[in-house]
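Trainee: The structure is given below, and queries will be raised subsequently.
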2 protein chains.
Amino acid sequence: MSLKDRIAAANRLAMARIEAANPVWTDVRPAIDVLPGMTRTTVLHAGPPIAWDDMCGPQKMGVVQAVLHEGLARDEAGAEALILDGAITVAPCHEYGAVGGMAGITSASSPMAVVHDPVHDVTGCSQLFQGPAAGLQDRDRYNAEARKRWRWLEEVLGPALGAAIRARGGLPVKPLMGRALEMGDECHNRNAAGTLLLLNALVQDLIRTSPPDRLGEVLAYFRENEQVSLVLSMAAAKAMGAAISGIPDCSIVTVMCRNGVEFGIRVSATGDRWFTAPANRIEGLYFSSEWGDDDAVPDIGDSAIMETIGLGGHAQAAAPVLQQFVAGSFARATAMVDEMAQITQGRLTQFKIAPLDFAGAPVGIDIRKVVQTRITPVIDTAIAHRKGGVIGAGQTRAPFGCFADALRAFSDTCQEVSPDAPAAQRP
Amino acid sequence: MSLKDRIAAANRLAMARIEAANPVWTDVRPAIDVLPGMTRTTVLHAGPPIAWDDMCGPQKMGVVQAVLHEGLARDEAGAEALILDGAITVAPCHEYGAVGGMAGITSASSPMAVVHDPVHDVTGCSQLFQGPAAGLQDRDRYNAEARKRWRWLEEVLGPALGAAIRARGGLPVKPLMGRALEMGDECHNRNAAGTLLLLNALVQDLIRTSPPDRLGEVLAYFRENEQVSLVLSMAAAKAMGAAISGIPDCSIVTVMCRNGVEFGIRVSATGDRWFTAPANRIEGLYFSSEWGDDDAVPDIGDSAIMETIGLGGHAQAAAPVLQQFVAGSFARATAMVDEMAQITQGRLTQFKIAPLDFAGAPVGIDIRKVVQTRITPVIDTAIAHRKGGVIGAGQTRAPFGCFADALRAFSDTCQEVSPDAPAAQRP
């Protein structure tokens with residue numbers, strides 16, 4: 001079999017696994033209990049690995065706050081000293097089977113949504129949605145609020161959600177995403193429908209299992225936040241990426257993520273190896289006129305795992321409301337989805353885009369197609385302030401460089417090289 | 001001022017009132033307590049007035065069951081004798097300030113959602129959503145189930161919703177409809193988002209005010225039915241129609257409704273006068289292959305009040321999922337909305353259609369434009385079985401005849417007739 005045929009077969013296998021995947025939300029537990037390799041002195045962050053000195057402001061700040069929150073240091077200087085000493089392991093969420101939105105700060109006590117796919121026996125975890133915290137760009141106030149919120153997530157929300165989902169016996173996430181897509185979500189920047197569907201599915205279990213004096217807070221969390229379901233979609237997408245990781249000759253992307261400095265991808269055939277390039281800035285709308293491009297960090301967060309499985313920017317015609325953020329139009333959204341179809345393996349009919357006459361979302365980013373067409377994935381995403389907090393939303397593109405690097409490594413990994421194979425792309 | 005100018009001014013006034021209207025869901029109470037003129041021996045039905053002998057099967061059956069349910073007769077023969085004697089007042093919901101979906105059967109005990117618009121001091125009421133009752137076309141079983149469901153609505157759901165909405169201090173319905181439109185509803189055949197938004201808005205009040213042993217049933221009602229919010233939208237639409245009723249020289253439709261035999265409209269300038277024509281059949285999809293066109297009654301129900309205010313079929317591009325029922329496409333939906341814009345006064349930006357780049361829904365059906373263009377309103381609607389129950393969904397058109405008749409009467413009503421006035425349309 002030619003290399004080309006082997007790659008085609010491998011990519012078809014990946015697509016079949018994506019289709020067969022059944023990620024089920026099963027639990028909420030502290031990170032220390034569910035993430036393999038997690039320790040009391042580990043702090044995880046979004047995006048590919050990054051040296052402490054290179055880390056962007058909000059992520060650095062988050063790691064320091066997590067060290068304080070876990071009681072490992074008494075003040076910020078002490079926390080930073082521990083980090084510089086190497087007494088704290090600072091590592092990507094993705095290397096611990098997890099994903100984290102925006103800065104992605106996850107420590108031992110963080111309650112994690114656990115999503116398990118019994119078909120492929122893979123698991124994806126995500127921290128819970130922490131609230132937008134917009135308008136809190138005073139650094140000290142932001143950090144105090146973040147830690148207060150973490151405490152609440154650990155003591156109230158995490159246990160309540162965990163008890164409810166265990167009592168329910170789990171909730172399949174793919175139908176939830178499919179249904180939300182029919183209701184104007186693209187499952188990355190817009191999760192208004194997914195969050196309501198989640199509440200509807202869970203409300204009776206929450207009533208049964210929550211402490212009566214905390215039930216009001218838990219329900220208010222759903223009412224006041226429209227992004228609650230995003231973390232389940234992200235954990236499900238992480239599990240779906242895991243299901244197709246490590247397939248020999250498979251040129252499909254399994255992870256896309258960003259740390260505010262670099263954009264990183266992983267490819268199936270090259271397993272856990274990272275390929276990175278500088279993260280792009282985000283074109284979008286700030287929630288207040290007080291903010292501008294100088295306030296924003298470049299693209300950040302593990303949420304691009306949604307585009308990795310064909311949602312978010314790839315399915316943006318399902319959520320025409322989001323065109324407001326990019327001064328766009330339905331025609332623009334449609335054109336973008338068509339563009340993404342040029343760099344992907346196929347259409348996943350489990351994720352239908354109703355206004356495109358039920359076309360499936362374009363799934364399975366093929367690094368060969370990205371390099372050939374020079375079309376890079378479009379990503380719907382929020383905008384983070386350099387002092388913390390979400391200050392806007394819009395769109396960006398994955399940088400080209402990491403795909404070109406990945407293709408070179410992929411070619412080296414493939415044993416046989418035929419004339420029509422990616423080796424032709426070598427410099 | 002010429003007649004044409006007077007009509008234009010009157011129609012602009014109607015449009016301004018539609019825009020200014022603020023229908024607020026304030027209560028749920030038995031019909032006898034809230035409908036002006038309601039008596040213990042009155043049974044209301046959907047659509048324009050109709051003689052007993054002409055009434056379609058399911059509506060006739062519903063009136064008889066309501067007489068039994070209210071304890072006014074001991075058996076069906078006794079009930080029918082009372083009706084034929086004139087001891088029971090059988091009248092349209094619309095003549096009592098109410099609307100009723102499908103057969104629309106409403107009797108003294110029926111719990112009514114009350115929607116009040118303080119801006120124009122008008123009220124619209126609707127019976128609660130009774131469940132689809134599909135697959136129950138055995139006449140006796142259907143009637144037994146219907147009466148059981150009525151009892152539950154009266155004893156459990158109505159009091160629970162009433163207590164919750166009173167505790168909440170009311171809920172504005174227009175923003176709910178606007179938000180649902182952004183989430184794939186067109187607020188007639190599809191109310192999946194509206195129902196979830198309603199649950200989210202109300203859940204904490206329901207928990208506080210419902211008897212703990214009935215809370216589960218009440219929440220299950222929201223979880224198991226996707227059309228719960230339709231009745232609030234209908235009551236709000238009825239109130240909006242009332243707000244523009246009786247404006248001299250105004251050629252805008254205030255009511256469209258059907259009784260399974262005739263389609264009826266009312267026009268602002270001609271007040272409460274009915275104009276009718278035979279109801280059309282519905283083109284659509286049956287929920288089971290066991291049903292066909294012979295099982296269905298023609299267009300039935302007061303729910304066309306949604307198209308009267310620019311939603312449903314008029315805004316169908318907001319709900320592309322519904323094209324499945326008519327083997328349609330997004331392009332077809334878009335063309336239909338554009339067509340409706342040709343017969344309406346303007347676009348209501350409070351009801352934005354996101355995939356049409358946020359164009360407002362076409363609102364205010366102008367009978368002159370209908371007659372001139374011969375384009376009649378398109379209506380999204382469910383299909384009723386002639387033995388009761390909903391067996392499908394699809395689309396139909398309002399018949400032309402009632403608009404032509406209305407225009408003749410409108411011309412007579414207008415005192416001055418100028419050459420460019422509707423009198424030109426007289427036969």
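Trainee: Search the stretch A:203-215 for residues being more than 10 Å from chain B (Cβ to nearest Cβ) and either touching a residue at least 12 places away in the same chain (Cβ under 8 Å) or in contact with an Asp or Glu (Cβ under 8 Å, 6 or more places away or on another chain) (or both), and hand back the single one that is surrounded by the fewest Cβ atoms within 10 Å (Cβ to Cβ).
Mentor: Per the stated criteria, the residue is A:PRO211.
Trainee: Run down A:ALA51, A:ALA10, A:ALA79 and say which single residue is out of contact with any Gly (no Cβ under 6 Å at 6 or more places or on another chain), over 30 Å from A:ARG166 (Cβ atoms) and not assigned by TED's automatic domain parsing to the domain that holds A:SER229.
Mentor: A:ALA10
Trainee: Quick check, is B:SER289 surrounded by 24 or more Cβ atoms within 10 Å (Cβ to Cβ) and over 19 Å from the mean Cα position of the chain (by Cα)?
Mentor: No; evaluated as a whole, the condition is false for this residue.
Trainee: For A:PRO248, work out the one condition from (1) within 14 Å of chain B (Cβ to nearest Cβ); (2) more than 18 Å from the chain's Cα centre (by Cα); (3) not hydroxyl-bearing (Ser, Thr, Tyr) it doesn't fulfil.
Mentor: Every condition holds for A:PRO248 apart from (1).
Trainee: Further, regarding this structure: Look at the stretch A:287-305 and say how many of its residues are touching a helix residue (DSSP H, G or I) at 6+ places or on another chain (Cβ under 8 Å) and outside any loop (DSSP other than H, G, I, E, B).
Mentor: Qualifying residue count for the region: 5.
Trainee: If I filter the stretch A:318-349 down to residues being within 10 Å of chain B (Cβ to nearest Cβ) and surrounded by 23 or more Cβ atoms within 10 Å (Cβ to Cβ), which single residue comes out as nearest to A:ILE18 (Cα to Cα)?
Mentor: Per the criteria, the residue is A:ALA318.
Trainee: For the stretch B:168-190, name all the residues that are free of Cβ contacts under 8 Å to residues at least 60 places away in the same chain and away from chain A (no Cβ under 14 Å).
Mentor: The answer is B:GLY169, and nothing else.
Trainee: Do any helices (runs of 4 or more DSSP H) lying entirely in the stretch B:1-120 carry at least 2 residues that are under 23 Å from B:VAL253 (Cβ atoms), and which ones are they?
Mentor: Of the helices (runs of 4 or more DSSP H) lying wholly inside the stretch B:1-120, those with at least 2 residues that are under 23 Å from B:VAL253 (Cβ atoms) span B:3-20.
Yes/no matrix, rows are residues, columns are (1) touching a helix residue (DSSP H, G or I) at 6+ places or on another chain (Cβ under 8 Å); (2) surrounded by 20 or more Cβ atoms within 10 Å (Cβ to Cβ); (3) not assigned by TED's automatic domain parsing to the domain that holds B:GLY389:
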site	(1), (2), (3)
B:ASP140	no, no, yes
B:ALA144	no, no, yes
B:LYS148	no, no, yes
B:LEU153	no, yes, yes
B:ALA164	yes, yes, yes
B:GLY169	no, no, yes
B:LYS174	yes, yes, yes
B:MET177	yes, yes, yes
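Trainee: Do you know which residues across the stretch B:301-331 are of a type in the set (Ser, Thr, Tyr) and touching a residue at least 40 places away in the same chain (Cβ under 8 Å)?
Mentor: B:SER303, B:THR308
Trainee: Out of curiosity, is A:GLN324 assigned to a helix (DSSP H, G or I) and modelled with pLDDT of 95 or more?
Mentor: Judged against the criteria, A:GLN324 is not a match.
Conditions tested, residue by residue: (1) surrounded by fewer than 21 Cβ atoms within 10 Å (Cβ to Cβ); (2) at pLDDT below 95; (3) at positive phi.
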| site | (1), (2), (3) |
| --- | --- |
| A:GLU217 | yes, yes, no |
| A:ALA220 | yes, yes, no |
| A:ARG223 | yes, yes, no |
| A:MET234 | no, no, no |
| A:ALA239 | no, no, no |
| A:ASN259 | no, no, no |
| A:ARG266 | no, no, no |
| A:ASP272 | yes, no, no |
| A:ALA279 | no, no, no |
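Trainee: Right, something else. Among (1) modelled with pLDDT under 95; (2) basic (Lys, Arg); (3) in contact with a Ser or Thr (Cβ under 6 Å, 6 or more places away or on another chain), there is one condition B:LYS387 misses while meeting the rest; what is its number?
Mentor: Among (1) modelled with pLDDT under 95; (2) basic (Lys, Arg); (3) in contact with a Ser or Thr (Cβ under 6 Å, 6 or more places away or on another chain), the lone unmet condition for B:LYS387 is (3).
Trainee: Among the listed residues A:ALA73, A:ALA81, which satisfies the condition of being in contact with a Leu (Cβ under 6 Å, 6 or more places away or on another chain) and farther than 27 Å from A:ASP272 by Cβ?
Mentor: Step by step, each of A:ALA73, A:ALA81 is checked, and only A:ALA73 is in contact with a Leu (Cβ under 6 Å, 6 or more places away or on another chain) and farther than 27 Å from A:ASP272 by Cβ.
Here is a yes/no grid of residues against (1) closer than 30 Å to A:LEU13 by Cα; (2) modelled with pLDDT of 95 or more:
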| residue | (1), (2) |
| --- | --- |
| A:VAL64 | no, yes |
| A:SER109 | no, yes |
| A:ASP117 | yes, yes |
| A:ASP121 | yes, yes |
| A:ALA144 | no, no |
| A:ARG149 | no, no |
| A:GLU155 | no, yes |
| A:LEU161 | no, yes |
| A:ILE165 | no, yes |
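Trainee: Moving to a separate point now. Determine if the stretch A:105-124 includes at least one residue that is more than 14 Å from every other protein chain (Cβ to nearest Cβ), closer than 17 Å to A:PRO23 by Cβ, among the aliphatic types (A, V, I, L, M) and surrounded by fewer than 22 Cβ atoms within 10 Å (Cβ to Cβ).
Mentor: Yes: the stretch A:105-124 contains one or more residues that are more than 14 Å from every other protein chain (Cβ to nearest Cβ), closer than 17 Å to A:PRO23 by Cβ, among the aliphatic types (A, V, I, L, M) and surrounded by fewer than 22 Cβ atoms within 10 Å (Cβ to Cβ).
Trainee: So which residues in the stretch A:352-365 are more than 14 Å from every other protein chain (Cβ to nearest Cβ) and either surrounded by 22 or more Cβ atoms within 10 Å (Cβ to Cβ) or part of a helix (DSSP H, G or I) (or both), if there are any at all?
Mentor: A:ALA361, A:PRO362, A:VAL363, A:GLY364, A:ILE365
Trainee: For A:GLY194, state whether it is of a type outside the set (A, V, I, L, M) and either over 19 Å from B:GLY194 (Cα atoms) or within 11 Å of chain B (Cβ to nearest Cβ) (or both).
Mentor: yes
Trainee: When the stretch A:1-60 is examined, which residues are found to be of a type in the set (Asp, Glu) and touching a residue at least 12 places away in the same chain (Cβ under 8 Å)?
Mentor: Passing the criteria: A:GLU19, A:ASP27, A:ASP54.
Trainee: Something else: Checking the condition farther than 25 Å from B:ALA113 by Cβ, away from chain A (no Cβ under 14 Å) and of a type in the set (A, V, I, L, M), which residue from B:ALA243, B:ALA296 passes?
Mentor: Result of the check over B:ALA243, B:ALA296: B:ALA296.
The values are calculated or read from the model by the stated rules, or taken from the named source; none is laboratory data. Since the model is a prediction, treat every value here as computed from it, not as a measurement. Glycine also receives a Cβ, built like all others from the backbone with ideal geometry; neighbour counts cover every protein chain displayed.
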